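Written out below as structure tokens is the structure these notes cover.
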Amino acid sequence: DQQVKQNSPSLSVQEGRISILNCDYTNSMFDYFLWYKKYPAEGPTFLISISSIKDKNEDGRFTVFLNKSAKHLSLHIVPSQPGDSAVYFCAASGLNSGNTPLVFGKGTRLSVIA
Amino acid sequence: GAGVSQTPSNKVTEKGKYVELRCDPISGHTALYWYRQSLGQGPEFLIYFQGTGAADDSGLPNDRFFAVRPEGSVSTLKIQRTERGDSAVYLCASSSSGTGIGTQYFGPGTRLLVL
């Protein structure tokens, strides 16, 4: 029973265009959400996070949107660059319930084509 | 500053052997997490330390897996009587806060292959 789902295993985008990566969750106790980027043979690198008290958080080219009623979040990358090509993991935790381990989705492989 | 480091980077062992995987967290981080990532999956939680004590070990798959953090810094994940199904990347992460908003920073992982 997957609590965090990334339904698109892969995504291909032209350089300069917008990349949109989606994530759905089922556990209503989750209140903190993160996106990690992973290159081959490296550990996940933190990208951006959002608390459930917000619906949007922006950091440079990266924006995360949270729709609590739909239990859905998305990561927007604009403009996309070839160096953004990696596997992106969505993760969630229930911080306010005292449970801090992260629950991850299976990841989406983003390919940005020059 | 230095990030999370893990040793060895790769470990090949035979079924039934014992292995130890080491994690050095970011200096000053009180919370330390172990995750396991199998091919095509996201990382899955194993155990979480707050200081020296295991605050949550609910993710350990069975009693062959054990982890310690005796001085509240370095942690060792120990796997007894390894099985082929234990083959995976073992990831360690640390955070400056065990509760509340605390981003987890990951090491490069140890790739374990059990033959």
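Could you tell me which numbered condition B:SER95 fails, if it satisfies all but one of (1) over 12 Å from the mean Cα position of the chain (by Cα); (2) away from every other protein chain (no Cβ under 12 Å)?
(2)
Of the residues that make up the stretch A:71-81, is at least one crowded, with 21+ Cβ neighbours inside 10 Å and within 27 Å of B:TYR48 (Cα to Cα)? Lay out the reasoning, then the answer.
Residues of the stretch A:71-81 that are crowded, with 21+ Cβ neighbours inside 10 Å, as a first pass: A:73, A:75, A:77, A:80.
Keeping just the survivors that are within 27 Å of B:TYR48 (Cα to Cα) gives A:73.
Within the stretch A:71-81, one or more residues are crowded, with 21+ Cβ neighbours inside 10 Å and within 27 Å of B:TYR48 (Cα to Cα).
Which of the residues spanning the stretch B:34-53 are under 16 Å from B:VAL74 (Cα atoms) and either at pLDDT 95 or above or away from every other protein chain (no Cβ under 12 Å) (or both)? Write out each step before concluding.
From the stretch B:34-53, those under 16 Å from B:VAL74 (Cα atoms) are B:34-35, B:47-53; that's our starting set.
The answer is B:TRP34, B:TYR35, B:ILE47, B:GLY51, B:THR52, B:GLY53.
Looking at the stretch A:65-82, I want the residues that are within 18 Å of A:ASN27 (Cβ to Cβ) and have a partner that is among the small types (Gly, Ala, Ser) and in a loop (DSSP other than H, G, I, E, B) with Cβ atoms under 9 Å, at least 6 apart or on another chain. Which pairs are those?
These pairs meet every condition: A:LEU66/A:SER52; A:LYS68/A:SER28; A:LYS68/A:SER52; A:LYS71/A:SER28.
What are the residues in the stretch A:32-91 that are among the acidic types (Asp, Glu), part of a loop (DSSP other than H, G, I, E, B) and farther than 20 Å from B:ARG36 by Cα, if any? Show your work before the answer.
Narrowing the stretch A:32-91 to residues among the acidic types (Asp, Glu): A:42, A:55, A:58-59, A:84.
From the residues that got through so far, the ones that are part of a loop (DSSP other than H, G, I, E, B) too are A:42, A:55.
The answer is A:ASP55, and nothing else.
Given the conditions (1) closer than 30 Å to B:SER5 by Cβ; (2) without any contact (Cβ under 8 Å) to a residue 24 or more places away in the chain; (3) among the small types (Gly, Ala, Ser); (4) surrounded by fewer than 19 Cβ atoms within 10 Å (Cβ to Cβ), and given that A:GLY94 satisfies all but one, which numbered condition is not satisfied?
So A:GLY94 meets the others, but not (2).
Being out of contact with any His (no Cβ under 6 Å at 6 or more places or on another chain), of a type in the set (A, V, I, L, M), in contact (Cβ under 8 Å) with a residue 60 or more places away in the chain and surrounded by 16 or more Cβ atoms within 10 Å (Cβ to Cβ) is the requirement here; does B:LEU32 meet it?
Working: out of contact with any His (no Cβ under 6 Å at 6 or more places or on another chain): yes; of a type in the set (A, V, I, L, M): yes; in contact (Cβ under 8 Å) with a residue 60 or more places away in the chain: yes; surrounded by 16 or more Cβ atoms within 10 Å (Cβ to Cβ): yes.
In short, yes.
Working only within the stretch B:70-109, note down all residues that are modelled with pLDDT of 95 or more and assigned to a loop (DSSP other than H, G, I, E, B).
Those that are modelled with pLDDT of 95 or more and assigned to a loop (DSSP other than H, G, I, E, B): B:VAL74, B:GLN80, B:ARG81, B:THR82, B:GLU83, B:SER87, B:GLY107, B:PRO108, B:GLY109.
Modelled with pLDDT under 95 and part of a strand (DSSP E or B): does that describe B:ALA67? Even if it seems obvious, please write down each step before you answer.
Values: modelled with pLDDT under 95: no; part of a strand (DSSP E or B): yes.
No: the conditions fail for B:ALA67.
Of the residues A:LYS54, A:LYS37, which is basic (Lys, Arg), surrounded by 18 or more Cβ atoms within 10 Å (Cβ to Cβ) and within 13 Å of another protein chain (Cβ to nearest Cβ)? If you could, list the steps in order and put the result at the bottom.
On the way: A:LYS54 fails: surrounded by 18 or more Cβ atoms within 10 Å (Cβ to Cβ).
Of A:LYS54, A:LYS37, the one residue that is basic (Lys, Arg), surrounded by 18 or more Cβ atoms within 10 Å (Cβ to Cβ) and within 13 Å of another protein chain (Cβ to nearest Cβ) is A:LYS37.
The values are calculated or read from the model by the stated rules, or taken from the named source; none is laboratory data. Every value quoted in this text rests on a predicted model; they were computed, and no experiment measured them. Note: ideal-geometry Cβ built from the backbone for every residue, glycine included; neighbour counts use all protein chains shown.
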